[in-house]
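The values are calculated or read from the model by the stated rules, or taken from the named source; none is laboratory data. Note that the structure is predicted; figures quoted are calculated from it, not measured. Please note: Cβ atoms are built from the backbone with ideal geometry, for glycine as well, and neighbour counts cover all protein chains shown.
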Amino acid sequence: MKKYIAIFLTSFFVFFIILGGVYYFYKSNMTDKHFVKTIEENPELKPEDPKEEVVINTLFLGIDEARSDTIIIASYNKENQKITLLSIPRDTRVEIPRYGFDKINAAAAKKEGTALAMETVGNLLGIPIHHYVRVTFKGAERIIDILGGVTVKVPPGMDYDDPAQNLSIHLKPGVQLLNGKDAVKFARFRSGYPDQDLGRIKAQQELIKAFIDKLTGPKVLPKIFNIIDAMSKCIKTNLESGDIAQYALHVKDIKMENITFYTLPGDVGNMNKISYFLHDEAKLREMMEQIREDLGVED
């Protein structure tokens, strides 16, 4: 019994140190001053308060230079721990409020930045976007390296060079453990897929599964401070420290069978000699209904 109590108290103490670390790094580095200023100047862009909501919608942006290269909406049911992840192709043609029609990844590059991206995505899907998490590719590399890499199946033909983006991708096919740099290359590759962005989204979803598996594994605890430190330097978010702590409490309850992946329905097309991803509005509404069912909510 004494041994059990000692282990319990030690775990309890370590847990609160971790939360304290999250709080410290969040307050010092993760607050997005540009987002705060934008909301002060444009109060109509302020996200809805999620405190009374059962489902919380968070916009995840992977940023390459100024534009968002990866766009994912995570919907999380606080009561049953179910999650849906909806990937949106970066070339999706949408109406950006006050700017007109453009590719969706252009929203984050406007002067209103992430706040405008949240409004744009919310309008497209017909849901409120409560939070955002904006991560740089360099930061993603660092976090994956701390976790010890991720194991994925690399398809044949991942060979691509783009001097304009300083991007060189040459990965051998087959199941392998990728370090952070190669994992980000795996996520960014799209030129060799017949369906371009849709092929890349499927690869990104496989990478996310592998990442979640590592992040929720038993070996992550000794690395938690390094992970927090890396996150504080590469992530910007409007999540409050209390929200981060609350979600951290439920990480242990997340199971892969409770996570469902979706991709915005549609196809590649051209308008005014510009290539876009054109979403199917009818199928999108059907998909949003299915997402609500998967999350276990009626409304």
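Just a yes or no: is a residue in the stretch 156-179 outside any helix (DSSP H, G or I) and within 13 Å of Gln204 (Cα to Cα)?
no
Please specify each residue of the stretch 231-257 satisfying the condition of being modelled with pLDDT of 80 or more, out of contact with any Asp or Glu (no Cβ under 8 Å at 6 or more places or on another chain) and surrounded by 17 or more Cβ atoms within 10 Å (Cβ to Cβ).
Result: Cys234, Ile235, Leu239.
Please pick out the residue among Asp195, Asp182 that is of a type in the set (D, E, K, R), surrounded by 15 or more Cβ atoms within 10 Å (Cβ to Cβ) and within 23 Å of the chain's Cα centre (by Cα).
None of the other options fit; the residue is Asp182.
Only one of Glu141, Glu206 is touching a Gly at 6+ places or on another chain (Cβ under 7 Å) and among the acidic types (Asp, Glu); which?
Of the residues listed, the single one that is touching a Gly at 6+ places or on another chain (Cβ under 7 Å) and among the acidic types (Asp, Glu) is Glu141.
Give the stretch 261-275 a look and list any residue that's under 18 Å from Ile72 (Cα atoms) and not acidic (Asp, Glu), or say none.
Phe261, Tyr262, Thr263, Leu264, Pro265, Gly266
Report the residue count in the stretch 194-212 for those that are part of a helix (DSSP H, G or I) and either in contact with a His (Cβ under 7 Å, 6 or more places away or on another chain) or free of Cβ contacts under 8 Å to residues at least 60 places away in the same chain (or both).
The qualifying residues number 7.
Please find, within the stretch 44-65, the residue that is nearest to the chain's Cα centre (by Cα) out of those that are modelled with pLDDT under 85 and either under 17 Å from Val184 (Cα atoms) or of a type in the set (Phe, Trp, Tyr) (or both).
In this case the residue turns out to be Ile63.
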